[in-house]
Amino acid sequence: MHLKHRDARDSSPVAPWVLGFRLMIRPTPFHPRTSALNETGLWSHWAGHLAANRYQESDKFEYFAVRSAAGIFDTSPLYKYRIAGRDAERFLAGMLARDVRDCPVGHAQYTTWLDDRGFVLEDGVVQHRAPDEYLLTSAEPNFGYFADRIGRLEVQIEDVSSQIGTIAVQGPRSRQLLSKLVPSVTSTPFFGLTDGEIAGVPVTVSRTGYTGDLGYEVWVDAPDALTVWDGLWDAAQGLGVLPFGLAALYMLRIEAGLLLLAVDFDSSRYAFNDAHRSTPIELGWSWMFKGLADDDRAFIGRHALEREIADKTSRWRMSGLVVDWEDYDRVYGEAGLIPPKVHAPVHEDWMVYDGAGQRVGYATSFMYSPVLQRHIALGRVRPDLAKIGQRVQLEFTVDHHYEKVAAHVVRLPFFNPERKTA
Amino acid sequence: MSSEPYDAIVIGGGHNGLVNGAYLARGGLRTLILEQREVVGGAAITEELRPGFWFTTFSYALSLLRPQIIHELELTKHGFMPLLMSSKFAPTPEGEYLWFTQHHDQNLREIERISPHDADAYEQYGHDMDRVCQAIKPLLDMVPPDPFSDDPEELLALAGIGSRLRSLDKRTFHNAIRLLTGSAADFLDDYFESDLLKGWMASSGIIGSKVGPRSQGSGLVLLYHSLGESDGEFGSWAFHKGGNGGFTQVLARAAEAFGAEIRLGSTVERVLTREGQATGVALADGTELHAKVVVSALDPRRTFLELVDPRELPDDLVETVRRMKFQGVSSKVNFALSGTPRYPALGDGSDMFRGFLNIAPSMDYLERAYDAAKYGWYSPEPYIDGAIQSTIDPDMAPPGQHVMSCFVQYTPYQLRESDWDAERERLGDTVQSTLERYFPGFGDLVLQREVVTPLDIERTIGLSEGNIFAGELLAPQMFFLRPAPGWSQYRTPIQGYYQCGSGTHPGGCVMGAPGRLAAGQILKDGGTAHD
């Protein structure tokens, strides 16, 4: 077992003390550029890094830049692990629930890993960068979890989180913009990888993202991050491309039907009871296991997952909920109020009922969607109710009391433009 | 089953014709929409007048569009996208300005900079307007009841409106009446002291109308322009992806998805009738098309005086339509620009251009601009509602370059001792030199200019006298009086012949309500579908 855990974060272009903070909130490798662009002076903390909520006064303006032109997002705070060695594929095939053997070199795969009771620990994207080399991303620290399970395999795992800067370029103009710099992106398929150079610096470009739109992510060694940012920024001038922050990202990802850890589900690792645990089937990821019958892997959680599928013991099914606009307007109208239609996502629990007033689920992310012109929610309902068009009710607080408003179940993602995969 | 291929023919592929045709097709009628031009949209079109530069020739922004239409016609499936205008900018030539963003607190600070008094006045004004709009808005979605009818249903509907008004608090009731009958200036003077702020707010009270801010009637225009919403936000305006032409393309796709057929390049010469019943239309090329329902999306003058023989109609209707005020006063001057204009007080900043740019530094400025129109001439210093739309939708212009739409007032249709063919380019020069005073060097940015006078509006898309609302938004021609007493319910004296244009209730702007409400009436009347 070879373990290598080098934390290179302090080699970031701006050391934390430069910012004058006592707390060790770190800048990302792009901070000198993102901080110059952030007109609000406000930052969130994301995985111990400074992340812009928005760059100017309107998150919705940034949102529309992504849906109508393109936006640039600094996604560097993600955890990143390089997993390499002769047994890397074998190792990951046993660790990850989705079959990583279906991900050839030059491709990426959205995946999840489970505990032995079949509950989700986390989700992430794994890139197959070279025959014996993978790069796995995650939202929270997982180094110990993976490292401790290497055993006698010929695998090295390295935390490269701070060695790599990542810029997401998302939106209908992302291909036009990136192809000026990395021409091969024009032929890179959805979840494909390609190598190229930006401003003389080698980069890897993946056709991935968290917006549900046509989009790419650019991966660069941290010391070269600013050179790449500048190259990208120069190429973006005049194209209507804006930097966007977390607030716009959260809007985009709900429309895209992409779940957020600690909002739409929790890691089973740290849950106190099963109400805070979810299986991948419950989260709507059964598509990951279509080939399960023909796949002979022993992976963590396999038996529990098979039992759940065979015995139909799933408690929930993640679904898209669309609020009935007429009923919503009626409820607020009758109270003498202007029906609020707020684009900013609310990441809280919303109760879901059936027609008889029985609680049949709960929603975890809610917003007014500009591209759908409806209130939408990511929510889980009882599996027997997870049918397209199924009528349910969502509970709102109107004038300080609860009101139920009609809603119905739709297929996820809510917004799925052809260009995303075309 | 009728042997004719169509149940309904809609004359005019403007937004109301498209909305109407889409609803009729959705209701099961085999529907044909006829458009004289080679592009649908009527006044809501976007044209590539210079390679890579897309001009919103006429109509340029969206707010009053009824949300029901978005949902019922499933417009989001066809690309409906109301892009946010994140800024509003009202400059003076002296370097004073108001710049509103999406940040509420910052906007109040911006007003405080000019007048501490007006900051909370602005809050109060916003709240009071919201309350009035809340009360008035339901009228936009109802067929006006007929006060001349003895039908109990009509009387009940009238009583319903009465009881709704009675349920308002006194302040809201009074504000509503003041807006409906008074001037924008009187209303705004009660709230604000800042000239710049008042000029800005009063601008919404004159748009498209031959009134000054101090004229009775401008209150109604002000209220009308506040009744909309965008993206669920009360009173806010948006810029549709691809301009308003982008929006009407969405409408056309929706109409076709419901089964409506759209035929371009088809000018309707007249409506065919037999024994008081519409039977179809005759095209300019002599083709006759038959259907039991014929709907005119054109303005009342064309609907009643040109498409049919007025002798087939009651005298009082003909007389009222002849008297109807059109008197267009608005023009468009559209520019292709090589860069963004420079406002010296804000250095090289350009973020303030992400939305409306209001050239009306005071109420007096607007009133003086109106003075010229009263005497048959165009304003030497016009009111301009500008929008550099490519700052919001970069697909409208090549990288780094821009299109700028300028709505200009006042430019009366009837000029004293001249005509618009003679004055067109001089109007363009007037607008350009006005902008030059605010943005020195503006002229150097101009790559191309398009001047669209009321005469051009009438010639190109057929709106009488170039009135953008298909008939003035004046109280005597509103609600159950639009377009004429007794004929506000989208029917006409000719059986099977209907009206659905902006000359019917509720009126103009890209609202779609006339098209939708008319379709409801046609389908209620049986639509003579598949009989």
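The values are calculated or read from the model by the stated rules, or taken from the named source; none is laboratory data. Everything numeric in this text was worked out from a predicted model, so none of it was measured. When we count neighbours, we look across all protein chains shown, and the Cβ atoms used for this are built from the backbone with ideal geometry, even at glycine.
The table below lists the values:
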{"item": "Flag if A:V120 is of a type in the set (A, V, I, L, M), away from chain B (no Cβ under 14 Å) and without any contact (Cβ under 8 Å) to a residue 60 or more places away in the chain", "result": "no"}
{"item": "Members of the stretch B:483-525 that are among the β-branched types (V, I, T), within 18 Å of B:R323 (Cβ to Cβ) and either modelled with pLDDT under 95 or within 23 Å of the chain's Cα centre (by Cα) (or both)", "result": "B:T504"}
{"item": "Out of B:V39, B:V10, B:V19, sole residue that is under 23 Å from the mean Cα position of the chain (by Cα), of a type in the set (V, I, T) and assigned to a strand (DSSP E or B)", "result": "B:V10"}
{"item": "Verdict on B:L222 being within 14 Å of chain A (Cβ to nearest Cβ) and either free of Cβ contacts under 8 Å to residues at least 60 places away in the same chain or in a loop (DSSP other than H, G, I, E, B) (or both)", "result": "no"}
{"item": "Of all residues making up the stretch B:273-287, the number that are part of a strand (DSSP E or B) and either within 23 Å of B:V40 (Cβ to Cβ) or touching a Lys or Arg at 6+ places or on another chain (Cβ under 9 Å) (or both)", "result": "7"}
{"item": "Count of residues meeting criterion [touching a residue at least 40 places away in the same chain (Cβ under 8 Å) and either closer than 26 Å to A:L249 by Cα or within 23 Å of the chain's Cα centre (by Cα) (or both)] in the stretch A:315-361", "result": "19"}
{"item": "Among (1) of a type in the set (V, I, T); (2) within 26 Å of A:R33 (Cα to Cα); (3) out of contact with any Asp or Glu (no Cβ under 8 Å at 6 or more places or on another chain) - the single one A:I164 does not satisfy", "result": "(3)"}
{"item": "Helices (runs of 4 or more DSSP H) within the stretch B:423-531 that include 3 or more residues closer than 23 Å to B:V408 by Cα", "result": "B:442-445, B:454-461"}
{"item": "Those strands (runs of 3 or more DSSP E) lying entirely in the stretch A:314-422 with at least 2 residues of a type in the set (F, W, Y)", "result": "A:350-353, A:359-369"}
{"item": "Pairs, first within 10 Å of chain A (Cβ to nearest Cβ) and more than 19 Å from A:L242 (Cα to Cα) in the stretch B:66-94, second modelled with pLDDT under 95 and not in a helix (DSSP H, G or I), C-beta under 9 Å, six or more apart", "result": "B:P67/B:E229; B:P67/B:G232"}
{"item": "Matching residues in the stretch A:382-422 - criterion: being farther than 23 Å from A:M251 by Cβ and under 25 Å from the mean Cα position of the chain (by Cα)", "result": "A:R382, A:P383, A:A386, A:K387, A:I388"}
{"item": "Hits in the stretch B:437-479 (condition: buried (at least 17 other Cβ atoms within 10 Å of the Cβ) and of a type in the set (D, E))", "result": "B:E450, B:D456, B:E458, B:E465, B:E472"}
{"item": "Sole residue being of a type in the set (K, R), surrounded by fewer than 18 Cβ atoms within 10 Å (Cβ to Cβ) and within 14 Å of chain B (Cβ to nearest Cβ), chosen from A:R374, A:R411", "result": "A:R411"}
{"item": "Residue list for the stretch B:393-408, restricted to those being part of a loop (DSSP other than H, G, I, E, B) and either over 24 Å from the mean Cα position of the chain (by Cα) or more than 8 Å from chain A (Cβ to nearest Cβ) (or both)", "result": "B:A397, B:P398, B:P399, B:G400, B:Q401"}
{"item": "Which listed residue is surrounded by fewer than 19 Cβ atoms within 10 Å (Cβ to Cβ), farther than 29 Å from B:R482 by Cα and not acidic (D, E), from B:R311, B:R323, B:R274, B:R342", "result": "B:R342"}
{"item": "Among (1) under 20 Å from the mean Cα position of the chain (by Cα); (2) surrounded by fewer than 22 Cβ atoms within 10 Å (Cβ to Cβ); (3) of a type outside the set (A, V, I, L, M, F, W, C); (4) within 14 Å of chain B (Cβ to nearest Cβ), the one test that A:Y368 misses", "result": "(2)"}
{"item": "Unique residue being among the hydroxyl-bearing types (S, T, Y), in contact with a Phe, Trp or Tyr (Cβ under 9 Å, 6 or more places away or on another chain) and modelled with pLDDT of 95 or more when the list is A:Y368, A:Y332, A:Y353", "result": "A:Y332"}
{"item": "Top-ranked residue of the stretch A:19-46 - restricted to ones that are small (G, A, S) and assigned to a loop (DSSP other than H, G, I, E, B), ranked as nearest to the other protein chains (Cβ to nearest Cβ)", "result": "A:G41"}
{"item": "Candidates B:R301, B:R342, B:R270, filtered to the one that is closer than 30 Å to A:Q56 by Cα, among the charged types (D, E, K, R) and either more than 14 Å from chain A (Cβ to nearest Cβ) or in contact with a Lys or Arg (Cβ under 9 Å, 6 or more places away or on another chain) (or both)", "result": "B:R342"}
{"item": "Residues (hydrophobic (A, V, I, L, M, F, W, C) and assigned to a loop (DSSP other than H, G, I, E, B)) located in the stretch B:191-219", "result": "B:F192, B:I206, B:I207, B:V211"}
{"item": "Any hit, the stretch B:40-62, residues being within 30 Å of B:A513 (Cβ to Cβ), crowded, with 16+ Cβ neighbours inside 10 Å and within 10 Å of another protein chain (Cβ to nearest Cβ)", "result": "no"}
{"item": "Test: residue in the stretch A:97-112 that is in contact with a helix residue (DSSP H, G or I) (Cβ under 9 Å, 6 or more places away or on another chain), of a type outside the set (V, I, T) and surrounded by fewer than 19 Cβ atoms within 10 Å (Cβ to Cβ)", "result": "yes"}
{"item": "Unmet criterion (only one of (1) part of a strand (DSSP E or B); (2) away from chain A (no Cβ under 12 Å)) for B:G245", "result": "(1)"}
{"item": "Residues satisfying the stated conditions in the stretch A:148-184, i.e. of a type in the set (D, E) and touching a residue at least 40 places away in the same chain (Cβ under 8 Å)", "result": "A:E154, A:E158, A:D159"}
{"item": "Number of positions in the stretch A:209-230 that are hydroxyl-bearing (S, T, Y) and surrounded by fewer than 23 Cβ atoms within 10 Å (Cβ to Cβ)", "result": "2"}
{"item": "Looking only at the stretch B:334-377, and only at residues there that are over 17 Å from B:Y97 (Cβ atoms) and among the aromatic types (F, W, Y), the one that is farthest from the chain's Cα centre (by Cα)", "result": "B:Y375"}
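Conditions tested, residue by residue: (1) touching a helix residue (DSSP H, G or I) at 6+ places or on another chain (Cβ under 6 Å); (2) buried (at least 24 other Cβ atoms within 10 Å of the Cβ).
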residue	(1), (2)
B:V318	yes, no
B:L337	yes, no
B:D348	no, no
B:G355	no, yes
B:A360	yes, yes
B:D371	no, no
B:K374	no, no
B:P398	no, no
